[in-house]
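Quick notes on the structure that follows.
The values are calculated or read from the model by the stated rules, or taken from the named source; none is laboratory data. Computed from a predicted model, the values in this text were never measured in an experiment. Using ideal geometry, Cβ is built from the backbone for each residue, glycine included, and neighbour counts are taken over all protein chains shown. Calculation scope for accessible area: heavy atoms of the full protein, side chains included, ligands and nucleic acids excluded. Shrake-Rupley method; radii C 1.70, N 1.55, O 1.52, S 1.80 Å.
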Amino acid sequence: MNPLLLWFHKLGSPPYFYRLAGRLLPWLWALALAGLALGLYGGLFVAPRDYQQGDAFRIIFVHVPCAWMSLFVYFFMAANGFIALVWRIKLSETLAMAAAPIGAAFTFICLATGSIWGKPMWGTWWTWDARLTSELVLLFLYLGVIGLYHAIEDRRQAARAAAFLALIGIVNLPIVHFSVNWWNTLHQGSTVKLFGPSLIDARMLWPLLTMAVATKFLFAASLLSRARVDLLELESGKDWVRQIALAEEPRA
Amino acid sequence: MSYGTATSACRAVFVRDFGLVWRRRGDALNPVLFAIMVVALFPFALGPEPKALQQISAGAVLVALLLAGLLSLDALFRSDLEDGSLEQLVLSPHPLALLLACKIAVHWLTTALPLLLVAPLLGEMLYLPRPVLGTLMAALALSTPLLSLIGAVCVALTVGMRRSGMLLALLVLPLYVPVLIFAAGACNAAQQGLPTLAPLLWLGAALALALVLAPLACAAALRISLN
Amino acid sequence: MSEFLSMGGYGGYVWSAFAIFIVVLALDALAPLLKRRRVLRELRGRLRRTQKRNEENT
């Protein structure tokens, strides 16, 4: 067998994945925290004040990376859900379900910070703008996946049902975006453009990109630590989990 | 051993489901009653001025029918699951998607069609402008089967659960948004005297797509949740 | 310093947005740690119970 394929098969085995993820996790957390610190420093101290929005524009450094992540995580979840449904790989089920709460968290942050940003800029906490509405629907999709996963008793069946829902959602998302766009132009014309074609200052751009990369690492770290716990729960009858449980017995 | 043709299986599903609905024909009127009550609440909330009610009439009727449909959705597979016939359906040698399409069709005919018939009355309660009524009916005729088809997929996912009401609403809602947008969009365009063909055509296209794909997705979802 | 904190009058908005970002992601990072402790504790309890039952039977 080709070594890459062999490695892939090994990765699918829970104990191997558990150990590998455990070795990667400290690095991922360190990279994520360093990236966040650098990005926040750049966003709060280095980036110059926006000539139109003043300092309120600094919300962009948390808002936009979270908006990107909310979609990225959904695609990740749906791709893993697809793999789980077609090839029935246990690891993919676990990864897809571990990604859902993280994606919901990013979507929530995106909505909350967006609304906080909207108040001083547009004078309102919420507008039925196409992107905002799509993001809200995305949050509902995440909550639906999480809710379905926790409502079904059997863990693997629950993961497969929720993965299926995630796949339906991925078909639904572009339709929602298109329909909301159409609806929006019908009702209120063009909305406020945050950036438009204007060029963004390099001193604003690098913190933004740093935050985007840092949130990717944060997602990876959170995903692996969630997947590790889920595997422990899923395989709690197996010997390797028993050994871990006994090794970590608190000294009384 | 012979199983009979797929056509005869479909006919059997139709006959059985219609028979079951007929035996509990009192329940069949529940969604209609619910929709009437929802619409009747709007004048109390907004005041009785015809002008204010007219503005929201088409949208209110659409939302009332959508909620009534959501209420009846839960019952789509419930009794079949309880008496075990759903598993027989899954195990049958005929294509599951086809049989499910028959079940969904019966469900639409017995729950959504009465709602559709009562829609002009609901519109009248909210002073729906006469020229909009045609568009509203066309939008409803295209969107209610779409809602039934999409809803059936979500019901299939939640079929094994005892208390699925709120979860079902959460699953269905994001999928209903585009349908509602186009149906209401057509009515609003009619109210402003604009052409309504485009949103109706979008609904028609979505319905054609859902007619083919939703039964297949429903069958796949049912196989997952019955395992 | 206070000028930096006031963010040109937008301080409340900016800082609450950053606070939400940090708090939500910290909770997200904390959740698996708590769950891990719970899962392992339950597993140890189960192991102890089966061990006891085996000792009583023999």
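Rolling a 1.4 angstrom probe over segment B:6-226 with all protein chains present gives an accessible area of which 71% lies on carbon and sulfur atoms. Interface residues of segment B:204-227, defined as a loss of at least 40 Å² in heavy-atom accessible area between the chain alone and the complex of all protein chains with a 1.4 Å probe, are B:I224, B:N227. Checking every one of the chymotrypsin sites (Phe, Trp or Tyr not before Pro) in segment A:1-72 against DSSP loop status and a limit of 13 other Cβ atoms within 10 Å picks out A:Y51. Each Lys and Arg Cβ is given +1 and each Asp and Glu Cβ -1; about its Cα centre, the protein assembly as shown then shows a dipole of about 1380 debye.
Probe radius 1.4 Å, ligands and nucleic acids ignored: give me the carbon and sulfur share of the accessible area of segment A:1-130 as a rounded percent. Before the final figure, lay out each step's value.
Numbers: 4360 of 6020 Å².
Ligands and nucleic acids excluded, carbon and sulfur give 72 percent.
Each of A:A130, B:G165, B:A220 was scored by the projection of its Cα onto the charge dipole of the protein assembly as shown, and the greatest displacement toward the positive side belongs to B:A220; charges sit on the C-beta of Lys, Arg, Asp and Glu. Using a Gaussian network model of chain B in which every pair of alpha carbons under 10 angstrom is joined by a spring, one finds that among B:Q191, B:Q88, B:Q55 the greatest mean-square fluctuation is at B:Q88.
All other residues whose Cβ lies under 13 angstrom from that of A:V176 are scored, Lys and Arg at +1 and Asp and Glu at -1, for a net of 0. Our coupling estimate for segment C:52-58, obtained by passing each phi through the Karplus curve with A = 6.51, B = -1.76, C = 1.60 and θ = phi - 60°, is 4, 4, 5, 5, 5, 6, 7 Hz, Gly and Pro reported as x.
Using the Karplus relation 6.51 cos²θ - 1.76 cosθ + 1.60 with θ = phi - 60°, the per-residue 3J(HN,Hα) values for segment B:104-120 come to 5, 4, 5, 4, 5, 5, 8, 10, 7, 5, x, 5, 4, 5, 8, 4, x Hz, with x marking Gly and Pro. Given the options A:A34, A:A158, A:A104, which has the most mean-square fluctuation in a GNM of chain A, springs set between C-alpha atoms less than 10 angstrom apart? Greatest mean-square fluctuation among the candidates belongs to A:A34. In the full protein context, chain B carries 48 Å² of accessible surface per residue, based on a 1.4 Å probe and ignoring ligands, DNA and RNA.
Under 5 Å between amide hydrogens, built in the peptide plane, is the criterion, and for A:T127 it picks out nothing among residues at least 5 positions away or on other chains.
With a 1.4 Å probe, how much accessible area is buried between chains A and C, both sides summed, in Å² to the nearest hundred? Numbers along the way, then the final one.
Details: alone 14390 and 5690 Å², together 16880 Å².
Summing both sides, the interface buries roughly 3200 Å².
For segment B:137-154, backbone phi angles converted through the Karplus equation (6.51, -1.76, 1.60; θ = phi - 60°) give residue-by-residue couplings of 5, 5, 5, 5, 4, 7, 8, 5, x, 4, 5, 4, 5, 5, x, 4, 4, 5 Hz, Gly and Pro being listed as x. Among B:A198, B:A64, B:A217, the largest mean-square fluctuation in a Gaussian network model of chain B (Cα springs under 10 Å) belongs to B:A198.
State, in square angstrom and to the nearest 100, the accessible area buried between chains A and B, both chains counted, probe radius 1.4 Å.
Details: alone 14390 and 11930 Å², together 24170 Å².
Using a 1.4 Å probe, the pair buries roughly 2100 Å².
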